[in-house]
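Data block below; observations after.
The values are calculated or read from the model by the stated rules, or taken from the named source; none is laboratory data. Quick caveat, the model's predicted, so the values are computed rather than measured. All Cβ positions, even for glycine, are placed from backbone atoms using ideal geometry, and neighbour counts span all protein chains on display. The area values use the complete protein model at the heavy-atom level, side chains included, leaving out ligands, DNA and RNA. Shrake-Rupley method; radii C 1.70, N 1.55, O 1.52, S 1.80 Å.
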Amino acid sequence: MSGQNTFVSPFHRPQCLAAAAPAGKAKLTHPGKAILAGGIAGGIEICITFPTEYVKTQLQLDEKANPPKYKGIVDCVKQTVKGHGVRGLYRGLSSLVYGSIPKAAVRFGMFEFLGNKMRDESGKLDSKQGFFCGLGAGVAEAVVVVCPMETIKVKFIHDQTSANPKYRGFFHGVREIIRSQGLKGTYQGLTATVLKQGSNQAIRFYVMTSLRNWYKGDDPNKAINPLITGLFGAIAGAASVFGNTPLDVIKTRMQGLEAHKYKSTVDCAVKILKHEGPLAFYKGTVPRLGRVCMDVAIVFIIYEEVVKLLNLVWKTD
C-alpha cells in the first residue's frame, strides 16, 4: 500500500504543469475584421453623439473678438433650437456620418495591422507598443479621412451662423468648397489635424491597452464584459481630451470660414494666445469631454462585440 502511495504516474506530472501554465497565446484580430467592425462602430456612434460635437464646434468658433455669440453650452443649445429647431443640432451630421465610417475603419484596421506586427510571442501588446500603434492609426486616419471630412463639417457648422447660409447639403457644400478653393480647400489644417488625431489615438490606445492588460492579468484571452470595456473607453477618452484639447481648438480655427486669417498652425496658436488668452485653448472642453467619453466608450463596445460576431462567421486562422 505504501508503494502505491508514493508512485507517481508518468502521465500525471505533465498534466499538472499544463494546468499551471499560462492560458495560451492571445487571439489576433485580422485587419479585415477590424476595418469592418470599426466602420460599423463609427457609424453608429456618431449618430448618437453628434449634438455634443455640434455645440463644441460652435463654442470653439465663437471668438471673443466678435464678441462672443454664446454665453455657454446651454445658451448655444437654446439659440440653435430657437433659430433652427432641434434639427439644427444635427447640421453637419451628414459629413461626419460619411467620414466616421471610413475613419473608424482606417483607425482600427491600421491599429490591428501594426499591433499584429509588434506583439510578443504570446500575442500580448504592451502599453508602450499600444501608444505607437495608436499614433500610427491616428496619423493614418487624419490623412486619409479626418482632415477633409472635418474641414467640410466645420465649414457646414460655421456656415449656419451666417445670415444667409450658402451650403444646401453635403454634396452641394463639397462641390462649392472644391469649386472655390480647390481640393486643397478640404485639407485646411492638415498639420493640426495630424497632430490632434495622432496624439488622440496614441493616448487612447495607450490607456486602453494598459487597462486591458491590467484587467486580463496572466490570461490574454480573458473575456471583458462590455460594460467594463465601455468604462475603460470612457477613461481613455477623458485622458485624450485633457491631453490635446488645445490642438483641437487650433484645428477647428484652421478649418473654419475665417481660416484665411491664419498663415499657419503656429500662427493660429500665437494669435489665439495673444488675443484671447491661454484659456481659449480649452474652449469647448466640457461638451467635448462628454462627447468623447461617450464616443470612445460606445466605439470600443460596438467594435469588440462586432469582432466577436465576425469571429463566428469569418474564419481567418
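If I go through region 116-136 residue by residue, how many of them are in contact with a helix residue (DSSP H, G or I) (Cβ under 8 Å, 6 or more places away or on another chain), modelled with pLDDT under 95 and open to solvent by less than 20 Å² (accessible area, probe 1.4 Å)?
1
Of the conditions (1) out of contact with any Phe, Trp or Tyr (no Cβ under 7 Å at 6 or more places or on another chain); (2) at negative phi, Gly277 fails just one. Which one is it?
(2)
Taking the conditions exactly as written (touching a residue at least 60 places away in the same chain (Cβ under 8 Å) and within 21 Å of the chain's Cα centre (by Cα)), does Lys251 satisfy them or not? Lay out the reasoning, then the answer.
Details: touching a residue at least 60 places away in the same chain (Cβ under 8 Å): yes; within 21 Å of the chain's Cα centre (by Cα): yes.
In short, yes.
Rundown of residues vs (1) open to solvent by less than 60 Å² (accessible area, probe 1.4 Å); (2) under 15 Å from the mean Cα position of the chain (by Cα), yes/no style:
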| residue | (1), (2) |
| --- | --- |
| Thr265 | yes, no |
| Leu273 | no, no |
| Glu276 | yes, no |
| Arg291 | yes, yes |
| Asp295 | yes, yes |
| Val299 | yes, yes |
| Ile302 | yes, yes |
| Glu305 | no, no |
| Lys308 | no, no |
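Among the residues of region 277-296, which ones are modelled with pLDDT of 90 or more and either closer than 18 Å to Gly109 by Cα or in contact with a Cys (Cβ under 9 Å, 6 or more places away or on another chain) (or both)?
Residue satisfying the conditions is Val296 alone.
For region 144-189, which positions are closer than 20 Å to Gln79 by Cα, open to solvent by 30 Å² or more (accessible area, probe 1.4 Å) and either polar (S, T, N, Q) or in a helix (DSSP H, G or I) (or both)?
Thr161, Ser162, Asn164, listed by residue number.
Given (1) in contact (Cβ under 8 Å) with a residue 12 or more places away in the chain; (2) not in a helix (DSSP H, G or I), identify the lone condition not met by Lys71.
Looking at each condition in turn, Lys71 falls short on (1).
Please enumerate the residues belonging to region 252-267 that are of a type in the set (S, T, N, Q) and in a helix (DSSP H, G or I). Outline the logic, then answer.
Of the residues in region 252-267, the ones of a type in the set (S, T, N, Q) are 252, 255, 264-265.
Correct list: Thr252, Gln255, Thr265.
Can you name every residue in region 92-113 that is more than 17 Å from Ile44 (Cα to Cα) and buried (at least 21 other Cβ atoms within 10 Å of the Cβ)?
Of region 92-113, the ones more than 17 Å from Ile44 (Cα to Cα) are 109-113.
Gly109, Met110, Phe111, Glu112, listed by residue number.
If you take the residues in region 217-246 that are among the hydrophobic types (A, V, I, L, M, F, W, C) and over 22 Å from Leu289 (Cβ atoms), which one is surrounded by the most Cβ atoms within 10 Å (Cβ to Cβ)?
Residues of region 217-246 among the hydrophobic types (A, V, I, L, M, F, W, C): 223-224, 227-228, 231-232, 234-236, 238-239, 241-242.
Pick out the ones that are also over 22 Å from Leu289 (Cβ atoms) and you get 223-224.
Numbers: Ala223: 10, Ile224: 15.
This residue is Ile224.
Could you list, in sequence order, the residues of region 82-93 that are without any contact (Cβ under 8 Å) to a residue 60 or more places away in the chain and under 27 Å from the mean Cα position of the chain (by Cα)?
Going residue by residue through region 82-93, those that are without any contact (Cβ under 8 Å) to a residue 60 or more places away in the chain are 82-83, 85-87, 89-90, 93.
Val86, Arg87, Leu89, Tyr90, Leu93 - these are the residues of region 82-93 that are without any contact (Cβ under 8 Å) to a residue 60 or more places away in the chain and under 27 Å from the mean Cα position of the chain (by Cα).
Out of everything in region 206-216 that is under 16 Å from the mean Cα position of the chain (by Cα) and under 17 Å from Asp120 (Cα atoms), what residue ends up being most open to solvent (accessible area, probe 1.4 Å)?
First pass over region 206-216, keeping only residues under 16 Å from the mean Cα position of the chain (by Cα): 206-209.
Filter once more, keeping what is under 17 Å from Asp120 (Cα atoms): 206, 209.
Working: Tyr206: 99, Thr209: 10 Å².
Filtering first and then ranking leaves Tyr206.
Select from region 69-88 the residues that are surrounded by 10 or more Cβ atoms within 10 Å (Cβ to Cβ) and basic (Lys, Arg) and write down the one among them that is modelled with the highest pLDDT.
Pass one, region 69-88, residues surrounded by 10 or more Cβ atoms within 10 Å (Cβ to Cβ): 69-81, 83-88.
From what's left, basic (Lys, Arg): 69, 71, 78, 87.
On the way: Lys69: 83, Lys71: 84, Lys78: 93, Arg87: 88.
Applying the filter and picking the extreme gives Lys78.
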